[in-house]
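Novice: If you scroll down you'll find the structure; I have some questions about it.
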Amino acid sequence: MNTRILSFFFTTLSLIAAGPQFSGRVEDAQGIAIAGARISVYPAGASNPITTTSNKSGAFSFDVPESSSYLLTAETNNLSLPQGLRFEGPAPGLVLRLQPVAQRSSITVTADGLATSVEDSGKAFDILDKEALSRRNEIFFLESIRNTPGMQVQQTGGPGSIARIVTRGLRTSDTAVLIDGFRFRDTTSTQGDAGSLLSDLLVVNPDRFEACRGSESALYGTNAIGGTLNIVTDSGGGATHGQVDFEGGGLGLFRGLAKASGGQGRFQWSGSAIHLNVLDGIDGTDRYRNSGTQSFARFALNPKTSISTRLFTTEAFSQYNQGPGAKSGIVFPAGVIPGTLAFYNPQANDPDARRATRTIMGLVGLDRQLTNKLSLRLQYNRLYTNRYDANGPGGSGFQARFRDFNQFGGELDTVAARLNYAWAKRQNLLVGYEFEREHFYNFGDDNNPNPATRNTRTVGITQRSSAIYAQQQFQLFGGLILNLSGRIQDFNLRQPNFYGAPAFYEKGDLSSPPRAVTGDASIAYLIARTGTKFRAHMGRAYRAPSLYERFGTALFSGRYSIYGDPNLQPDRALSLDFGFDQYLFASKAKVAATYFYTRLQQVVGFGPVPREPYGRTSGYYNTGGALARGVELSASLQPTRKLSLQTAYTYTGTLERRPIFLTGELQSQRVFPHTYSLTASYFFTKNFDASFDYFNASSYLVPFFVSTGSRAFRFEGPRKADIAARYRIPVKDRYTLEIFTRLENVNNRTYYEAGYQTPGFWGTGGIRFRF
């Protein structure tokens, strides 16, 4: 009796939760069924898809929430739909024919804040999907995007060392890093950006990485001046599948990874865990450890309502080196100084320098389809960061007298609500509200053994903000799509708390930052007959001054330095880009060209300042910004199922408003004027493939301090080639053993990234079990 009641209960519940259905068959161009293909459907206004996989006969079937329209995409290892398919209702009995295409991912969730077909967006972006990441056996997030047009990645040493992202010649703080659309940034870093966390981002369980270039502040707020990098986590779906990796090799590296995902119907899930251990690093003493997890779950309460949650964690430890610097006691040549070891000292081992980071980011959300055209999303996201830095008297050069210790604790709470109204075909209105609370905590201790002269300090600062934003997408006529968006954000600073340190900021006005008003417009025009898309994008962006820039102090060997200015104004910028995408040979080739222009109207700079109420001699101040302009060229080609090629060239011209070097050079520091990249993948057999990556950058300028100020040193850019390969051994129908390797810097070129030595030729190998 109980069994019958339970059976009736679950059957009834499944019927209540069942919604519109998509079903059909996946096959290749010859009509052969494709098993294991991934089919994803995005309801209107969604950024997370409903996903399933095809069975042995290529068949698939799954329920989706009610909506006015849907976007569908399907892909497998080296095949995909040439473009996303749009439906105005459920679509049973589909036949999806996959083929080699130049751009596998046909839907973006970052460019316009919700799922959008690539042909409808007027913005410049690139998508790196998980199959490409797997082929290249990437470990670090930054290395995986190195070949992206318009973006430059700079790693100051080996694994775990401080890293930078330069988007279109701008600063690292001008690129907003997102995880599933939410800002991922350290509220205690000097610019309040993701810079202090970048080197610890590993490739754990992403669905894809989306790199959008150009102003995105209207949708994503602060820091999105040059663009956004969105880590889209795997949302699960389909039959249960996963993998377990074990890898080891050069630099004393060991990596272990386990992940799984699945879920049919109402429940989708994914989960993963990773551990990375580098025992040696470049000089044999650069230890680095990193452990992390990622998980996602979605549960449909009924056809109109679902709840979701996501958790992302990292915990890292590293031994870092003393930075490079100009040699002393020598005569430097006039003008720009060659970046050779004759004129500067590279990084040196610092035996007692340590850094540790802990990051926890969690999300809960509710999605509700109010009517056939109107949907509501409510979300709460919390980001917690905790960093500590310790450095003692050991090592060469200028060192602390005792053992300086600094702890930085950051909190970022975001409550978001948004309505999406799909009032007509390709006519979409998005309205949202965000409340954000950020907290800055800093504890410093010089560990002086004499209690009478020991110095400690504790700083606590909280700021709140509220933002309203809106976006309207129009289909004006034919293939013309216009997208307009705007954002208004207000800030509310709470009284800072200082303990155990001089009250530096008792004088002066501790007002909140001014209101931020930003706007954005993009247009796309698709000529379907020729496969040509023209696009243009312009916007006004901003970066709010960080809490450190406003209230920052430093403790070194018992001395306090005051850097902050509570009355700083935000960075403001205007940007414009336009270009075209040309699809050729039935979407097997894509050529893209973009011209970009960005003017930083006002920025927060650092340097000598006149004495003012806070007693500073140097610190943060507002000044005029730089000008950056250039060209991005790229091409993708997938002529057959076996061969895939991507190449890109970027020219970046930067011009500072005032010289930053003693000799008057106006070129921005640490920006490659020219970059070129090539990625080639080839499937030799069904079970064996290999990939080749090459990156080449021109020389660039780096500032080093000499006796009278900063001089420009010209360093050669990196020229780096990598090879990755994998061989699969089928074990049973659903189980595969994979042997893989990755060889880094196979040309064994010795180069110094801004004066930091980078690894020569090294490699790793491992085994992977898929199920």
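Novice: Would you please name the residue that is nearest to residue 411 (Cα to Cα), looking only at residues in region 342-377 that are surrounded by 17 or more Cβ atoms within 10 Å (Cβ to Cβ) and among the polar types (S, T, N, Q)?
Specialist: Among those residues, the one meeting the criterion is 359.
Novice: Moving to a separate point now. Does residue 692 satisfy the condition of being open to solvent by 50 Å² or more (accessible area, probe 1.4 Å) and not hydroxyl-bearing (Ser, Thr, Tyr)?
Specialist: Yes, satisfied.
Here is a yes/no grid of residues against (1) open to solvent by 10 Å² or more (accessible area, probe 1.4 Å); (2) among the aromatic types (Phe, Trp, Tyr); (3) more than 30 Å from residue 324 (Cα to Cα):
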{"position": "136", "(1), (2), (3)": "yes, no, yes"}
{"position": "150", "(1), (2), (3)": "no, no, no"}
{"position": "155", "(1), (2), (3)": "yes, no, no"}
{"position": "165", "(1), (2), (3)": "no, no, no"}
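Novice: Another one. With the structure loaded, tell me whether residue 753 is open to solvent by 30 Å² or more (accessible area, probe 1.4 Å), touching a residue at least 12 places away in the same chain (Cβ under 8 Å) and closer than 30 Å to residue 704 by Cα or whether it fails that test.
Specialist: Spelling it out, it is not the case that residue 753 is open to solvent by 30 Å² or more (accessible area, probe 1.4 Å), touching a residue at least 12 places away in the same chain (Cβ under 8 Å) and closer than 30 Å to residue 704 by Cα.
Novice: Can you list residue pairs whose Cβ atoms sit under 6 Å apart, with the first residue in region 106-134 being of a type in the set (Phe, Trp, Tyr) and the second being modelled with pLDDT of 90 or more? Count only pairs 6 or more apart in sequence or on different chains.
Specialist: 125/212
Novice: With the checklist (1) out of contact with any Phe, Trp or Tyr (no Cβ under 6 Å at 6 or more places or on another chain); (2) open to solvent by 40 Å² or more (accessible area, probe 1.4 Å); (3) touching a residue at least 40 places away in the same chain (Cβ under 8 Å) in hand, flag the one item residue 732 doesn't pass.
Specialist: Here residue 732 clears every test but (3).
Novice: While we're on this one: Limited to region 450-462, what total is found for residues that are in a strand (DSSP E or B) and of a type outside the set (Val, Ile, Thr)?
Specialist: 2
Novice: Can you name every residue in region 597-655 that is buried (at least 19 other Cβ atoms within 10 Å of the Cβ), more than 22 Å from residue 148 (Cα to Cα) and of a type in the set (D, E, K, R)?
Specialist: Residue satisfying the conditions is 616 alone.
Novice: Taking the criterion of being touching a residue at least 40 places away in the same chain (Cβ under 8 Å), in a strand (DSSP E or B), over 24 Å from the mean Cα position of the chain (by Cα) and within 30 Å of residue 552 (Cα to Cα), would at least one residue in region 687-702 satisfy it?
Specialist: Yes, the conditions are met somewhere in region 687-702.
Novice: Quick check, is residue 89 surrounded by fewer than 23 Cβ atoms within 10 Å (Cβ to Cβ) and either in a strand (DSSP E or B) or without any contact (Cβ under 8 Å) to a residue 12 or more places away in the chain (or both)?
Specialist: For residue 89, the condition - surrounded by fewer than 23 Cβ atoms within 10 Å (Cβ to Cβ) and either in a strand (DSSP E or B) or without any contact (Cβ under 8 Å) to a residue 12 or more places away in the chain (or both) - is not met.
Novice: Let me ask you something else. Being open to solvent by less than 30 Å² (accessible area, probe 1.4 Å), out of contact with any helix residue (DSSP H, G or I) (no Cβ under 9 Å at 6 or more places or on another chain) and part of a strand (DSSP E or B) is the filter here, so list the residues in region 95-115 that pass it.
Specialist: 96
Novice: Filter region 450-465 for residues that are among the basic types (Lys, Arg) and surrounded by fewer than 17 Cβ atoms within 10 Å (Cβ to Cβ); which is nearest to residue 438 (Cα to Cα)?
Specialist: 464
Novice: I want to confirm something. Restricting to region 466-502 and keeping residues that are touching a residue at least 60 places away in the same chain (Cβ under 8 Å) and closer than 13 Å to residue 436 by Cα, which single residue is surrounded by the fewest Cβ atoms within 10 Å (Cβ to Cβ)?
Specialist: It comes out as 467.
Novice: Does at least one position in region 291-304 carry a residue that is farther than 30 Å from residue 54 by Cα, in a strand (DSSP E or B), open to solvent by 50 Å² or more (accessible area, probe 1.4 Å) and in contact with a strand residue (DSSP E or B) (Cβ under 9 Å, 6 or more places away or on another chain)?
Specialist: Checking region 291-304: not a single residue is farther than 30 Å from residue 54 by Cα, in a strand (DSSP E or B), open to solvent by 50 Å² or more (accessible area, probe 1.4 Å) and in contact with a strand residue (DSSP E or B) (Cβ under 9 Å, 6 or more places away or on another chain).
Novice: Now a separate question. Could you tell me which of the residues 103, 191, 155 is under 22 Å from residue 251 (Cβ atoms) and either in contact with a Ser or Thr (Cβ under 7 Å, 6 or more places away or on another chain) or without any contact (Cβ under 8 Å) to a residue 12 or more places away in the chain (or both)?
Specialist: Only one candidate qualifies: 155.
Novice: Residues of region 565-591 being farther than 30 Å from residue 646 by Cα, in contact (Cβ under 8 Å) with a residue 60 or more places away in the chain and out of contact with any strand residue (DSSP E or B) (no Cβ under 6 Å at 6 or more places or on another chain), which ones?
Specialist: 566 - this is the single residue of region 565-591 that is farther than 30 Å from residue 646 by Cα, in contact (Cβ under 8 Å) with a residue 60 or more places away in the chain and out of contact with any strand residue (DSSP E or B) (no Cβ under 6 Å at 6 or more places or on another chain).
Novice: Filter region 400-449 down to residues that are of a type outside the set (A, V, I, L, M, F, W, C), crowded, with 17+ Cβ neighbours inside 10 Å and part of a strand (DSSP E or B), then give me how many there are.
Specialist: 21
Novice: Taking strands (runs of 3 or more DSSP E) that do not extend beyond region 8-76, which have at least 1 residues that are touching a Leu at 6+ places or on another chain (Cβ under 6 Å), open to solvent by less than 30 Å² (accessible area, probe 1.4 Å) and modelled with pLDDT of 90 or more?
Specialist: In region 8-76, 21-27, 38-43, 70-75 are the strands (runs of 3 or more DSSP E) which contain 1 or more residues that are touching a Leu at 6+ places or on another chain (Cβ under 6 Å), open to solvent by less than 30 Å² (accessible area, probe 1.4 Å) and modelled with pLDDT of 90 or more.
Novice: A further question follows. Quick check, is residue 668 open to solvent by less than 30 Å² (accessible area, probe 1.4 Å) and either in a loop (DSSP other than H, G, I, E, B) or not polar (S, T, N, Q) (or both)?
Specialist: yes
Novice: Where in region 517-591 are the strands (runs of 3 or more DSSP E), entirely inside, with at least 2 residues that are in contact with a helix residue (DSSP H, G or I) (Cβ under 9 Å, 6 or more places away or on another chain) and basic (Lys, Arg)?
Specialist: Answer list for region 517-591: 532-543.
Novice: Something else: Is it the case, given these coordinates, that residue 285 is open to solvent by 30 Å² or more (accessible area, probe 1.4 Å), within 30 Å of residue 189 (Cα to Cα) and hydroxyl-bearing (Ser, Thr, Tyr)?
Specialist: yes
Novice: Taking residue 380, is it among the aromatic types (Phe, Trp, Tyr), modelled with pLDDT of 95 or more and surrounded by fewer than 19 Cβ atoms within 10 Å (Cβ to Cβ)?
Specialist: Here the answer is yes, as residue 380 does meet what is asked.
The values are calculated or read from the model by the stated rules, or taken from the named source; none is laboratory data. This structure is a prediction, so every number in the text was calculated from the model and none was measured. Reconstructed Cβ throughout: ideal geometry from the backbone, glycine too, with neighbour counts over all protein chains shown. The protein model used for the area step is the full one, side chains on, heavy atoms only, and it has no ligands, DNA or RNA in it. Shrake-Rupley method; radii C 1.70, N 1.55, O 1.52, S 1.80 Å.
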